[in-house]
Amino acid sequence: MSNRLTRIYTRSGDSGTTALANGQRIPKYHPRIEALGDVDELNSLLGLLLAETDMPDSLSPLLQRIQNDLFDIGGELAVADPDYTVITQEVVLWLEQQLDSLNTELPPLEEFILPGGNRAAAQAHLCRCVCRRAERRVVELAGTDSVNPQSAAYLNRLSDLLFVCARTLSRLNSGTEVLWQPRRPK
């Protein structure tokens, strides 16, 4: 196995630009880099969620597959070529099937749920929030530049799946979901 990265720093970004996979240099605050950063942050938070000691065996392989898909989305964003697509409609349909399967195990949603219940559920809710931000950034980028529309659809479904994961995780060890207790209007 060869070393692909022999040196981690290049100093080429010291001037405030970064290189895409196609060699093009763009500002570090460019919407493409913002979208890439949010997808990367989500992937890191999923890694933190997976490190939870009471993560059910049924969720770990799913979340690991999703981490790989997020890396693929990051690759699409970094290549910045409309002909380079990894996330397909079939991948989005697979994610929908996973979501439907997880959701059938849960009781119907009758109240709004607050983030919490236990540490893993709270982390899943945080992942969901960052996923929504990543989706917004990808959609914003798509308004001015080429983006695989299936990647945006994937992120949209993923935030829903992460909500269902949070509901699933809150029930670990006889736990319960934290329900919203609204104040009554005067």
Per-region count, the range 152-185, residues assigned to a loop (DSSP other than H, G, I, E, B), among the small types (Gly, Ala, Ser) and over 18 Å from residue 106 (Cα atoms) = 0
Looking at the range 30-37, is at least one residue of a type in the set (Gly, Ala, Ser), at pLDDT 95 or above and open to solvent by less than 30 Å² (accessible area, probe 1.4 Å)?
-> yes
Taking the range 152-170, which residues are without any contact (Cβ under 8 Å) to a residue 60 or more places away in the chain and not polar (S, T, N, Q)?
-> 152, 162, 163, 166
Restricting attention to the range 135-151, which residues are touching a residue at least 24 places away in the same chain (Cβ under 8 Å), assigned to a helix (DSSP H, G or I) and within 18 Å of residue 81 (Cα to Cα)?
-> 137, 138, 140, 141, 150, 151
For residue 150, work out the one condition from (1) in contact with a Leu (Cβ under 8 Å, 6 or more places away or on another chain); (2) crowded, with 17+ Cβ neighbours inside 10 Å; (3) not charged (D, E, K, R) it doesn't fulfil.
-> (1)
Which residue out of 128, 132 is crowded, with 21+ Cβ neighbours inside 10 Å, closer than 13 Å to residue 155 by Cβ and in contact (Cβ under 8 Å) with a residue 24 or more places away in the chain?
-> 128
Residues in the range 58-108 that are open to solvent by 30 Å² or more (accessible area, probe 1.4 Å), part of a helix (DSSP H, G or I) and either closer than 28 Å to residue 145 by Cβ or β-branched (Val, Ile, Thr) (or both) total 12
With (1) assigned to a helix (DSSP H, G or I); (2) of a type outside the set (Val, Ile, Thr); (3) crowded, with 18+ Cβ neighbours inside 10 Å as the list, and residue 44 as the residue in question, which single condition is left unmet?
-> (3)
Give the residues of the range 153-185 that are open to solvent by 40 Å² or more (accessible area, probe 1.4 Å), closer than 24 Å to residue 40 by Cα and of a type in the set (A, V, I, L, M, F, W, C), sorted by residue number.
-> 163
Report whether or not residue 156 is at pLDDT below 95, on the phi < 0 side of the Ramachandran plot and not aromatic (Phe, Trp, Tyr).
-> no
Subset tally (residues that are open to solvent by 80 Å² or more (accessible area, probe 1.4 Å) and in a helix (DSSP H, G or I)) for the range 109-125 = 1
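The values are calculated or read from the model by the stated rules, or taken from the named source; none is laboratory data. The structure displayed is predicted, hence computed values, not measured ones. Heads up, the Cβs are rebuilt from the backbone with ideal geometry, glycines too, and the neighbour counts pull from every protein chain shown. For accessibility, only protein heavy atoms count, side chains too; no ligands or nucleic acids. Shrake-Rupley method; radii C 1.70, N 1.55, O 1.52, S 1.80 Å.
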